[in-house]
Amino acid sequence: MLGLERDADDNAVKAAYRKAAKGMHPDSGGDADQFARLQTCYDLLRDPVRRKVFDDTGFDPQLADPRDLKGLMLLEPLVNEVILDEREPGSFDPLAAMRRKLSDDIVKSRFHILELERHRNRVRQHIDRLGRKAGTDFLGSMLRARSQSIAEAIRNAETQIQSIEQAYAMLEGYSYELAAALEPVLVKGEAAE
């Protein structure tokens, strides 16, 4: 929107903003929505943390959908794994590896939820069988607190699954070109199989 290069310094950002603002400001006959977008861009470029996140991801942490940011947080370590992988680029499909890892994480989270639900059910059965003591029911209170903690853990695991699914969806549309398989070299006198 400001027509700047990625490595523009603060002075270039200010100059480009001032130039664009003159024509876009609502007091000068400009569109209020366009000017608001210009102001958002300027604010982003002036904040070094927001700018770094935007440069690295294409997302503004203050304006992006929180689900996208959670997805990015899950993709970040997977990108790091690709970078650190010693295999030759083109010899493996990093996108397939990322998708596999995310799918595995979803399965693990769903299994974790099943285990938590099993534990919560057992706690509820104990609560149902526990006779109440007159006065303070500390055992009942402790068991109910455990049941609530387990319910919270289930909600957290469900939220984690949603984040993983968002990260997976963010990979849609990407493809990776593998290097062509090398043809076997024939030595003189050998027949091709």
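The values are calculated or read from the model by the stated rules, or taken from the named source; none is laboratory data. Remember, predicted model here, so these are calculated numbers, not experimental data. FYI the Cβ positions are ideal-geometry reconstructions off the backbone, even for glycines, and counts take in every protein chain you see.
For the stretch 102-161, a residue qualifies if it is more than 28 Å from Leu74 (Cα to Cα), in contact (Cβ under 8 Å) with a residue 24 or more places away in the chain and among the hydroxyl-bearing types (Ser, Thr, Tyr), and exactly one does: Ser147. When Glu76, Glu81, Glu86 are screened for being in the same structural domain as Gln162 (by TED's automatic domain parsing) and not in a helix (DSSP H, G or I), only Glu86 passes. Among the residues making up the stretch 105-116, a single one is in contact with a helix residue (DSSP H, G or I) (Cβ under 9 Å, 6 or more places away or on another chain) and loosely packed, with under 14 Cβ neighbours inside 10 Å: Arg110.
If you filter the stretch 36-63 down to residues that are outside any helix (DSSP H, G or I) and surrounded by fewer than 16 Cβ atoms within 10 Å (Cβ to Cβ), you find that the one that is nearest to the chain's Cα centre (by Cα) is Gly58. Within the stretch 11-27, residues that are farther than 19 Å from Leu44 by Cβ have Cβ atoms under 6 Å from residues that are among the β-branched types (Val, Ile, Thr) in no pair, counting only partners at least 6 apart in sequence or on another chain. Hey, among the residues in the stretch 147-174 that are surrounded by fewer than 18 Cβ atoms within 10 Å (Cβ to Cβ), aliphatic (A, V, I, L, M) and under 15 Å from Leu95 (Cα atoms), which one's modelled with the lowest pLDDT? Across the stretch 147-174, the extreme among qualifying residues is Met170.
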